[in-house]
Amino acid sequence: MTAPAQTQEQRGADAAPAVTALRRKDLLGIAELTTDEIALILDTAEAMKEVGERPIKKVPALRGKTVVNLFFEPSTRTRTSFEIAEKRLSADTLNIAVASSSVVKGETLADTALNLEAMHPDMIVLRHSSSGACHLLSRICRSAIINAGDGMHEHPTQALLDAFTIREHKRRLAGLKVAIVGDLAHSRVLRSNIHLLTKMGSDVWVCGPPTLIPTDIARFGVRATSYVDEAVEGADVIMLLRIQLERMEGAYFPSLREYFNVFGMTQARLKRAKPDVMIMHPGPMNRGVEIASEVADGPYSVILEQVANGVAVRMAVLYLLAGGVAHEESA
Amino acid sequence: MKRVLKGGRLVDPVTGIDGVHDVLVDGDRIAAVGRDLPVDGASVVEVPAGLVICPGFIDMHVHLREPGQEHKETVATGTAAAVAGGFTAVACMPNTTPVNDNANVTAYILTKAAEANLARVYPIGAVSRGSKGELLADIAELRQAGCVAITDDGHPVATALLLRRAMEYAGMFGMPVIEHCEDPSLKGDAVAHEGYQAAALGLRGMPGACEALGVERGILLSELTGTHFHVAHMSARASLRALRKGKEMGVRVTCEVAPHHFTLTDEALVSPVPYDTNAKMNPPLREAADRDAMLAGIADGSVDAIATDHAPHHYDEKNVEFDRAPFGIVGLETAVPLALDRLVHTGLIRLPRLVELLSVNPARILRVQGGTLSPGAPADITILAPDLKVRIDATSLRSRSKNTPFDGWELRGAVAATVVGGRTLFVNEAVDGLNGM
Amino acid sequence: MPVVMDADRIGRALIRIAHEIVERNRGVDDLALVGVRTRGVPLARRIAKSLRDITGEEVPTGALDITLYRDDLMRQSVGPQPLVRRTEIPFSIDDKKILLVDDVLYTGRTTRAALDALIDYGRPKGIQLVVLVDRGHRELPIKADYVGKNLPTSLEESVQVHLQESDGRDEVVLQQMQGGAV
């Protein structure tokens with residue numbers, strides 16, 4: 001693993017970063033990003049965050065660019081976040097919410113993509129229920145593809161905004177103990193976070209019932225346990241993942257009540273963590289299942305900050321993928 | 001019409017021959033085999049050096065898709081692909097539309113095969129009506145119509161009880177029961193092998209135990225009923241373990257392994273193309289230890305046959321999200337190069353063993369003619385060019401479908417010619433000196 | 001590479017500019033300095049210091065990143081992409097006279113971008129442009145109000161400004177480029 005990259009602050013505000021462009025067409029996942037690319041996105045997000053603090057929250061960087069938000073799964077939070085990010089960069093946005101029934105009945109993803117492509121969008125933000133859908137789209141479309149969540153595979157902008165939030169509080173990612181608790185098997189947020197945090201040198205612990213721990217999890221460079229206390233002990237950051245009601249039908253655990261008793265993040269459990277622990281959740285939350293209300297609303301929770309940071313991080317991703325130009329001479 | 005194949009290396013494990021021998025073909029039969037056979041009246045084919053003459057290969061697991069799914073393949077295109085792949089005969093699976101659970105469908109398939117007049121076709125009938133797993137199909141009728149075995153391939157027989165009854169009944173006719181071994185509840189809606197690759201890609205996985213459970217069930221029922229039980233497309237090391245134990249105990253169980261299961265692993269899901277639907281099949285590509293176990297089983301004799309599970313699918317059907325793509329890849333035209341390159345040239349097995357896997361044992365399991373070129377046997381001949389380099393090109397496959405993960409692969413070993421009933425049905429243009437074939 | 005301004009000359013030019021600013025604006029009331037990243041920022045700070053020395057008053061100073069306003073952003077790129085940095089203007093620019101500070105004035109496009117960025121921040125009373133070097137070849141109707149040195153150049157030349165704060169030394173050099181302007 002390469003040495004974790006420093007924040008802009010650590011390097012000195014005007015020092016040149018190790019890499020200044022994302023030389024790739026798409027953002028399909030964290031797995032293929034280098035630590036330098038991750039640092040670049042986070043550094044750029046810092047500048048983008050400031051745009052949201054101005055009186056006029058708009059810059060012309062993506063003026064004239066068309067960005068399509070193609071969402072096959074319903075989502076208010078992520079879609080809104082992307083839309084705000086796109087509009088703040090002055091891009092023209094187009095929201096397509098595909099009802100799942102139309103997918104079942106008619107057009108394949110490939111045909112939807114080809115039809116879209118004919119209208120030359122510059123970027124497509126895709127959320128889909130099948131793992132690998134973004135890879136398929138990337139092969140078909142020339143547009144830049146941004147993965148807003150594909151099946152159980154990855155949700156890269158979520159992991160990036162999580163990392164951004166942690167970095168804001170802790171000034172680093174390396175060496176932090178991060179515990180991730182919840183439905184590990186089905187979570188795309190988990191996979192993206194594991195990739196990002198291990199690349200950046202964090203000590204990652206994942207925790208959930210044995211039925212929900214993915215096979216060969218140790219190969220991902222994390223420690224796995226079914227004992228919450230072990231995971232939470234001395235943790236700098238605790239991330240809670242959503243438990244879906246349907247998991248009970250798959251016999252993953254007997255009941256939500258039992259899940260909360262064994263794995264739910266309560267005030268009492270938190271005591272084992274560091275005194276300045278951060279509580280995070282990608283949302284939407286199931287209060288009383290994976291997280292107790294008083295923890296969600298408590299002083300350690302940065303859940304709402306995550307949402308705010310989402311816009312800045314997505315602006316950074318959109319900007320960096322849209323491609324820029326260096327003309328140092330045309331001052 | 002008499003022909004002598006002169007001077008070629010003949011590999012015929014049944015008769016124990018491995019060396020330069022002449023083969024005299026008279027009409028559709030082998031007339032004589034020996035050194036320096038007299039030529040009188042026969043046309044002579046000087047077999048170029050380096051080529052190997054084998055009893056015709058038989059692929060005992062092929063989906064010809066006709067009736068009902070002709071957009072993927074037909075009996076005509078499938079048998080053309082077969083002879084191009086070196087196969088003189090194929091056994092075709094009953095999961096057509098409608099299912100081959102009655103004499104009409106069987107007859108239809110055989111009619112189409114006769115029209116195409118290429119590779120021999122041995123239909124395999126369904127175990128249950130519509131393969132629904134509720135009532136037994138009319139097995140005697142299927143036998144009468146020409147089926148050589150029964151299976152509900154595509155999925156396992158629904159219940160142990162039904163499998164037992166099918167085995168008892170089929171045993172009457174000496175038909176083997178072929179099973180797609182799997183526990184449906186463990187499989188769930190999995191699309192890949194449960195392991196690191198599936199976990200990384202966010203794909204639902206099925207463990208090797210899922211297949212092994214089906215193998216163990218079949219072995220126990222074979223012990224109970226005395227009927228020959230054949231494990232289709234074996235892929236997991238746990239299955240091999242169970243199979244070996246069954247054989248040691250003297251149970252009448254056999255198995256086949258497909259070339260993709262002794263060549264590829266679940267890494268093919270990621271590289272060269274992530275989420276490549278041409279790496280999606282059932283049973284899935286598994287981890288290296290399973291692939292290596294299949295190779296070990298091929299080497300030590302535990303594995304009886306190589307069968308391709310040739311499963312053509314139309315491009316549009318595969319050009320979708322991984323979850324939604326149908327399982328399966330074509331295999332008739334890549335089997336021989338893969339077998340030669342990965343089994344023989346690596347030193348794992350020698351040519352006589354390869355002939356057992358591709359000819360002798362399939363014939364024995366299906367109880368059909370072939371597997372040897374002794375006098376009186378049908379003149380079904382596969383001629384190999386074991387040292388010829390090939391580059392797999394999906395676009396030039398004769399199968400109607402091109403769903404293969406081996407496109408672009410460079411392998412050493414190819415089919416030189418395929419002869420069925422004395423008629424030369426395929427000659428590889430890249431091989432010199434076979435004009436007289 | 002010929003040095004066209006050494007540390008001394010740079011220092012004196014900035015002091016002279018500070019005096020000109022005071023004279024033209026009749027003091028430093030309502031003035032604010034905004035340096036264009038990156039080298040405009042240390043220059044702005046030095047001018048603020050000079051103004052403080054001259055008048056005893058603090059002139060608020062901010063830093064402006066114009067990357068997102070460039071007109072050449074989304075075109076085919078060959079070289080590395082400019083990194084976007086934070087803009088830090090910790091005061092309101094409404095009704096202020098903004099002194100926009102940059103190191104080199106060339107085509108005028110950076111200044112145009114900076115003007116657009118500033119206007120998004122508020123409504124200044126006026127904007128004046130301060131540059132260390134004016135090398136000519138304007139492509140837009142932009143004029144500097146305060147110039148450290150007028151430096152006629154050809155399109156094959158490149159002006160490099162080095163400052164103590166970022167490069168460890170103060171100098172302006174003129175470099176011959178191969179093959180014409182970028």
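Values in this text are rule-based calculations from the coordinates and carry no lab data. These numbers were taken from a predicted model, which means no experiment stands behind them. All Cβ positions, even for glycine, are placed from backbone atoms using ideal geometry, and neighbour counts span all protein chains on display.
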Residues of B:196-209, mean number of Cβ from any other protein chain within 10 Å of their own Cβ, rounded to a whole number? 6
Identify the residues of the stretch A:217-231 with backbone N under 15 Å of a label point that sits 7 angstrom from the Cα of residue A:266 along the Cα-to-Cβ direction, or state none. A:228-229
For every other residue with a beta carbon closer than 13 angstrom to the beta carbon of residue B:402, add +1 if it is Lys or Arg and -1 if Asp or Glu, then tell me the sum. -2
Along chain C, longest interval not containing exposed trypsin sites (Lys or Arg not before Pro), exposed being DSSP loop plus at most 14 other Cβ atoms within 10 Å: C:76-124
Under the Karplus relation 6.51 cos²θ - 1.76 cosθ + 1.60, θ = phi - 60°, what is the ordered set of whole-Hz ³J(HN,Hα) values for the stretch A:173-183, x standing for Gly and Pro? 10, 5, x, 7, 8, 10, 9, 10, 10, x, 7
Mind listing which GluC sites (Glu not before Pro) in the stretch C:110-182 are in a DSSP loop and have 15 or fewer other Cβ atoms within 10 Å? C:139, C:156
Please express the shape of the stretch B:102-174 as an equivalent ellipsoid: the semi-axes are the square roots of 5 times the eigenvalues of the C-alpha gyration tensor, given largest first in whole angstrom. 24, 12, 10
Could you compute the FRET efficiency for residue C:142 and residue B:391, with r as their C-beta to C-beta distance and R0 at 51 Å, rounded to 0.05? 0.25
With r defined as the distance between the Cβ atoms of residue C:165 and residue A:58 and R0 fixed at 30 Å, what FRET efficiency is calculated, to the nearest 0.05? 0.45
Classify the protein assembly as shown as rounded, prolate or oblate, taking a ≥ b ≥ c as the square roots of the eigenvalues of its Cα gyration tensor: rounded when a/c is under 1.5, otherwise prolate if a/b is larger than b/c and oblate if not. prolate
Which whole number gives the average count of other chain Cβ atoms within 10 Å of the Cβ atoms across peptide A:142-154? 2
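Filter the trypsin sites (Lys or Arg not before Pro) in the stretch B:228-265 to those in DSSP coil with at most 10 other Cβ atoms within 10 Å of their Cβ, and list the result.
none
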Please report the net charge: other residues with Cβ closer than 13 Å to the Cβ of residue B:213, K and R +1, D and E -1. -2
Mind giving me the nanometre distance, one decimal, between the label points for residue B:245 and residue B:138, set 7 Å out from Cα along Cα→Cβ? 4.1 nm
Using only the alpha carbons, work out the radius of gyration and Dmax of the stretch B:132-243 in angstrom. 15.2, 50
Rounded to the nearest 5, the percent of DSSP beta bridges in chain B running antiparallel is 50 percent
Sequence-distant residues sharing a close amide H with residue A:125 (under 5 Å, placed H): A:68, A:69, A:70, A:146
In angstroms, what radius of gyration and Dmax does chain B have, counting Cα atoms only? 20.6, 68
Relative to the longest principal axis of the C-alpha atoms of chain A, give the angle of the C-alpha long axis of helix A:35-51, reported between 0 and 90° and rounded to the nearest 10°. 80 degrees
Give me the Kirkwood hydrodynamic radius of the stretch A:241-295 in Å, from all C-alpha pairs, to one decimal place? 12.0 Å
Taking each full run of DSSP H in chain C as one helix, which ones are at least 20 Å long along their axis (Cα atoms) and have mean Kyte-Doolittle hydropathy of at least -1.0? C:7-24, C:40-55
Relative to chain A, whose Cα atoms define the longest principal axis, helix A:156-170 and its Cα axis are tilted in degrees, nearest 10, by 70 degrees
Packing-based order for B:26-36, B:379-389, B:221-231, B:346-356, using average beta carbon neighbours within 10 Å, highest first: B:379-389, B:221-231, B:346-356, B:26-36
I'd like the mean, over residues of C:85-97, of how many other protein chain beta carbons sit within 10 Å of each residue's own Cβ. 2
Rh by Kirkwood over Cα pairs, then Stokes-Einstein D for the stretch A:198-323 at 1.567 mPa s and 4 °C, µm²/s: 81 µm²/s
